[in-house]
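The values are calculated or read from the model by the stated rules, or taken from the named source; none is laboratory data. Please read these numbers as outputs of a predicted model, since none were measured by experiment. All Cβ positions, even for glycine, are placed from backbone atoms using ideal geometry, and neighbour counts span all protein chains on display. For accessibility, only protein heavy atoms count, side chains too; no ligands or nucleic acids. Shrake-Rupley method; radii C 1.70, N 1.55, O 1.52, S 1.80 Å.
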Amino acid sequence: MCRLIGYLGNSIQLDELVYTKEHSLYEQSYNSLELKSGVVCADGVGIGWYDEAAKSFIYRNTIPLWNDTNLQELSQYIQSNCIVGYARLAGIGESLDISNCQPFRSGKLLFVHNGEISSFPQTLYRPIRDSLSDSTYNLIKGVTDSEHIFALLVEMWQSSPDTTLLSAIDSTLQKLTELAQKYDTSFSANMIVSDGQAIAAVRYAYGTQAPTLYWSYDNESHAKGVIVASEPLSQHNWVAFQEQSILLVEADSLMPKIIPWEKYA
């Protein structure tokens, strides 16, 4: 399972999330405390962020985070008020190709995912593709279940001019659940999604247990900001997500809203 991270709040340097905390994403990439499959996240790294004009940027690499000296340099220079990222643990049979690295992006949407669709090539690979429009289908460049979930999210996001992050995520997970039921499989889908003005983080699974996810608000070094991570970055002020729940943070208030899924769906 990959290790995820997300942030919305006051502008900070990337290295505050990736490197400087006692249990940073860097630390988690080789010394995870809650990794349920695999030993280390050595199959790549990716960071996405927004500038002051809300334009999105991504940095991705196929080498381990602990070997990526370029990211270490860049992270001390780049600042943003909205960041998502991950350290990758590739699934069985997935190649170490840049097309399989997150974050995935479409327009202003940035997306990272931790989890898996069970036996994905034999179960939901084709059904997900069959549910996409031509334009969304053509967004897919790799073979991961993560990118296919993102494509499904983009399809839902573009379905109506009134679509919000919450409604798009809700429709995506409802569709995934319907497909999993139809094709007798299970999936886990921890996600962090942003449009630059809000971040939505989800802990969700069907037929299995979702990976861990935590959030922290107004901690000692971020007087106004919310962090989401697969594992706490420090020993203080972290709250575990309940399964089947979503956290929404909007830039205009920065007050985290926790929504049990049955209350939203």
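Label-to-label distance, N10 versus K182, with points set 7 angstrom from Cα along the beta-carbon direction: 4.9 nm.
Backbone N atoms of the range 129-168 closer than 12 Å to the 7 Å Cα→Cβ label point of K257 belong to residues 164-167. You can think of it this way: the chain between I63 and Q242 has 61.2 nm of extra reach, that is 0.36 nm per residue less the Cα-Cα gap. Which distance in Å, rounded to a whole number, links the C-alpha centroids of the range 172-187 and the range 63-105? Between the Cα centres of the range 172-187 and the range 63-105 lies a distance of 28 Å.
Sequence-distant contacts, meaning Cα pairs under 8 Å at least 6 residues apart, place the relative contact order of the range 160-218 at 28 percent. Ignoring ligands, DNA and RNA, what percent of the accessible area of the chain is carbon or sulfur (1.4 Å)? Whole-percent figure for carbon plus sulfur exposure: 46.
Would you mind calculating the relative contact order of the chain from Cα pairs under 8 angstrom and at least 6 residues apart, reporting the percent as a whole number?
21
A dipole drawn for the range 123-252 from +1 and -1 charges on Cβ atoms has a positive end, and of G142, S234, M191 the residue lying farthest that way is G142. Over the range 148-265, the fraction of Cα-Cα pairs per 5 Å bin, rounded to whole percents and listed from the shortest bin up, is 2, 11, 21, 23, 20, 12, 7, 3, 1, 0.
Computed over all pairs of different Cα atoms, the Kirkwood value for the hydrodynamic radius of the chain is 18.2 Å. Taking other residues whose beta carbon is less than 14 angstrom from the beta carbon of L152, and scoring Lys, Arg as +1 and Asp, Glu as -1, yields -3. Excluding ligands, DNA and RNA, the accessible surface per residue across the chain is 43 Å² with a 1.4 Å probe.
Helix 145-157 axis versus longest C-alpha principal axis of the chain: approximately 80°, rounded to the nearest ten.
The coefficient of translational diffusion for the range 129-208, derived via Stokes-Einstein from the alpha carbon Kirkwood radius under 20 °C and 1.002 mPa s, stands at 163 µm²/s.
The residues packed around I98, meaning those with a beta-carbon under 15 Å from its beta-carbon, carry a net charge of -1 if Lys and Arg are +1 and Asp and Glu are -1.
For the chain, modelled as a GNM whose springs connect Cα atoms under 10 angstrom apart, the maximal fluctuation among R105, R203, R126 occurs at R126.
Here the relative contact order of the range 1-46, from alpha carbon pairs under 8 Å that lie six or more residues apart, stands at 38 percent. Modelled spin labels at Y125 and S159, positioned 7 Å past Cα toward Cβ, are 2.5 nm from each other. Between P103, P161, P127, the GNM of the chain built on Cα springs shorter than 10 angstrom shows P161 fluctuating the most. Once you treat every alpha carbon in the range 93-174 as an equal point and sum by Debye, what is log10 I(q)/I(0) at q = 0.16, 0.18, 0.22 Å⁻¹? Reported log10 I(q)/I(0), two decimals: -0.58, -0.74, -1.12.
The residues neighbouring T164, those whose beta-carbon lies less than 10 Å from its own, together hold a net charge of -3 under the Lys/Arg +1, Asp/Glu -1 convention. With runs of 4+ DSSP H residues as the only contributors, calculate the mean residue ellipticity of the chain at 222 nm using -39,500 (n - 2.57) per run, divided by the residue total and rounded to the nearest 500. Rounded to the nearest 500, the figure is -6000 deg cm²/dmol.
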